[in-house]
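**Student:** Before we start, here is the structure in question, set down as C-alpha cells.
Read-outs throughout are calculated quantities, based only on the coordinates presented, and are distinct from any laboratory measurement. This structure is a prediction, so every number in the text was calculated from the model and none was measured. Methodologically, a virtual Cβ is constructed for each residue, glycine included, from the backbone with ideal geometry; neighbour enumeration extends over all protein chains shown.
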Amino acid sequence: MAASTIITAVQVERLDLPLFEPFVIATGEFPAANNTLVRIELADGTVGLGEGSPSLSSGGETAQTVLLATREMAALLEGRDVAHWRDIAAFLLANFEAHSCARVAVEMAVLDALTRHYKIPLYQWFGGSSTTVETDMTIPIVAPAHARDLAGQIAARGIRAIKIKVGGDREEDVARVVAIHEGAPHAAILLDGNQGYDVSGALRLLRVLDRHGIEPILFEQPVHKDDWEGLAAVTARSSVPIAADECVHSPADALRVVHNRAADVINIKLMKSTFLGALDITGICRASRTGLMIGAMMESRLAAAAAAHFVAGIGGFRYIDLDTPMLINGDPFHGGYSQTGGVYDLSEVQAGHGVEKW
C-alpha cells in the first residue's frame with residue numbers, strides 16, 4: 001500500500017486566467033488571475049491537482065515567485081509518500097516558510113492525490129460535517145451606478161450576501177454601499193476594507209452607513225495589517241463584528257488576535273496559511289470562541305473547491321467568501337461542486353476535491 005502512494009512525478013505550470021472585468025480593491029488592481037498549477041502523480045497512476053494564487057499586498061508573493069518556488073519544491077518531492085502529508089507539509093514549511101501560496105499549491109495536490117487514492121471525498125477527509133457551503137459574492141471598487149447593476153445581477157442569481165470592497169474615498173465608499181443596498185435590498189452586506197482606513201475613518205464609515213439604515217454583518221480588515229492597536233480599537237468600539245484578514249497568516253498571528261482581543265472573526269485563507277496552518281488556526285478560533293471565516297485570493301474553481309471541501313468537512317464557518325471562480329472569464333476546470341445560487345454542493349464528489357481540467 002505504501003509503495004502505491006509514492007510521488008513519482010510533479011509538474012508545475014503557469015495558470016493565467018482572464019477576468020470579466022478588472023478587480024479593484026484598496027491596495028491595488030487585479031487585471032487577471034496569474035496563478036500556478038501543480039500536478040502530482042503517484043506510483044499507482046493517481047493524479048492530484050493544486051493551485052497557488054498570490055497576493056503581493058497580503059503575502060508578498062507574485063506569480064513569478066510562486067512559480068519558481070513550486071518548481072524548487074517539485075525537485076524535492078519525488079519519492080516522498082503522500083500518506084504522510086503532514087510530514088511533507090512540515091518539510092516545506094521548514095524550507096520555504098515565506099512561500100505559502102507555493103506550499104499550499106503542493107499541499108492541495110498532495111491531499112487531492114491521497115484522497116483520490118483512498119477513494120474518499122476531501123470533505124470527508126476533513127471531518128464530513130456537511131456537504132454544502134454558501135458563499136457571498138464580491139463587488140470591487142467601481143462607480144455606484146455600476147455597483148447597483150452588479151448587485152441586481154447578484155441577487156437575481158440567488159446569492160444572498162454581497163461583500164463590498166471599500167477603503168478608498170469615504171464618500172465614494174458610502175455612495176457605492178448605498179447603491180448596492182438599493183440594487184439588492186434584501187442581501188446581507190459585508191464590508192472589506194483591505195487595510196484602507198484608520199480607526200476614526202472606519203468607525204465614521206459605519207456611523208454614516210447606519211444613518212442610511214445599513215448595518216453590515218461584518219467589517220473585514222479595516223486598518224493596516226501592522227496596526228494591531230488600531231484593529232483592537234475598532235473592534236472594541238464597533239457594534240459590527242470585525243474580521244482580521246491580512247494580519248493573520250500563521251497560528252501565532254491568530255493567537256495574537258485572541259490575546260489582544262483584536263477582532264471578533266478571523267478570515268482563514270489557504271493561500272496565506274496553507275492547510276497545515278489553517279487546521280491550527282481553526283482550533284484556536286474554536287477554543288477562544290472567535291468567529292470563523294474562509295476567504296480566497298483570485299482563485300479558480302480548483303482552489304475554491306478545495307477550500308469549500310475544507311470548510312464543509314470541518315464545519316462551523318459563519319462567513320464564506322469563495323466567489324472568485326464566478327469572476328473568471330473561462331475557468332479551465334470543472335467538477336468539485338455543483339452550484340445553485342451561492343450554494344456549492346459537494347455531495348456528488350466521489351474522491352479528492354473532484355476538480356478536473358477540461
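**Student:** Just how far, in whole angstrom, is the stretch 139-205 from the stretch 227-263 if you go by their alpha carbon centroids?
**Tutor:** Here the two parts' Cα centres lie 22 Å apart.
**Student:** Here's something else I'd like to know. Quickly work out the LYS357-to-GLU229 label distance, labels modelled 7 Å from Cα along the C-beta direction, and quote it in nm with one decimal.
**Tutor:** According to this spin-label approximation, the distance is 5.0 nm.
**Student:** If Lys and Arg each add +1 and Asp and Glu each add -1, what is the summed charge of the other residues whose beta carbon sits under 11 Å from the beta carbon of LEU270?
**Tutor:** Here the count lands on 0.
**Student:** As I understand it, the value is the acute angle between the Cα axis of helix 144-156 and the longest principal axis of the Cα atoms of the chain; what does it come to in degrees, rounded to 10?
**Tutor:** 60 degrees
**Student:** Using the beta-carbon distance between HIS259 and VAL208 and R0 = 30 Å, what value does 1/(1 + (r/R0)^6) give for FRET efficiency, to the nearest 0.05?
**Tutor:** That gives a FRET efficiency of 0.40.
**Student:** Which order do VAL12, VAL24, VAL265 fall in if you start with the one that has the fewest other Cβ atoms within 10 Å?
**Tutor:** Going from least to most buried by this count: VAL24, VAL265, VAL12.
**Student:** Counting pairs of alpha carbon atoms under 8 Å apart in space and at least six apart in sequence, what relative contact order in percent does the chain give?
**Tutor:** The value is 20 percent.
**Student:** Neighbouring Cβ atoms within 10 Å as the yardstick, rank SER200, SER55 fewest first.
**Tutor:** Ordered by Cβ neighbours within 10 Å, fewest first: SER200, SER55.
**Student:** Separate question: Given a Förster distance of 25 Å, report the FRET efficiency between GLU171 and SER57 from their Cβ-Cβ distance, rounded to the nearest 0.05.
**Tutor:** In this case the efficiency is close to 0.60.
**Student:** In nm², what is the average projected area of the convex hull enclosing the Cα atoms of the stretch 3-119?
**Tutor:** Its Cα hull, projected and averaged over all orientations, spans 7.5 nm².
**Student:** Relative to the longest principal axis of the chain, what angle (0 to 90°, nearest 10) does the C-alpha long axis of helix 100-118 take?
**Tutor:** 50 degrees
**Student:** Here's something else I'd like to know. Kirkwood hydrodynamic radius (Cα pairs, Å) of the stretch 175-275?
**Tutor:** Every distinct Cα pair counted, the radius reaches 13.9 Å.
**Student:** Which distance in nm do the two modelled labels at VAL24 and GLU134 give, with both placed 7 Å along the Cα-to-Cβ direction?
**Tutor:** Distance between label points: 3.2 nm.
**Student:** Of the DSSP beta bridges with both residues in the chain, give the percent that are antiparallel, rounding to the nearest 5.
**Tutor:** 55 percent
**Student:** Which of these values of Kirkwood radius over Cα pairs in Å was calculated from the structure shown: [x] 27.2; [y] 20.4; [z] 21.8?
**Tutor:** [y]
**Student:** How many nm is it between the label spots at GLN339 and THR8, if each spot is 7 Å from the Cα in line with the beta carbon?
**Tutor:** 3.5 nm
**Student:** Also, quick follow-up: How many percent of all Cα-Cα pairs in the stretch 48-203 sit more than 20 Å apart?
**Tutor:** 64 percent
**Student:** Let me ask another. I need TYR344, TYR319, TYR118 ordered by Cβ neighbour count within 10 Å, fewest first.
**Tutor:** Sorted ascending by nearby Cβ count, the order is TYR118, TYR319, TYR344.
**Student:** Quick check: the angle from helix 301-314's long axis to the longest principal axis of the chain, C-alpha only, nearest 10 degrees?
**Tutor:** That helix lies at roughly 90 degrees to the long axis.
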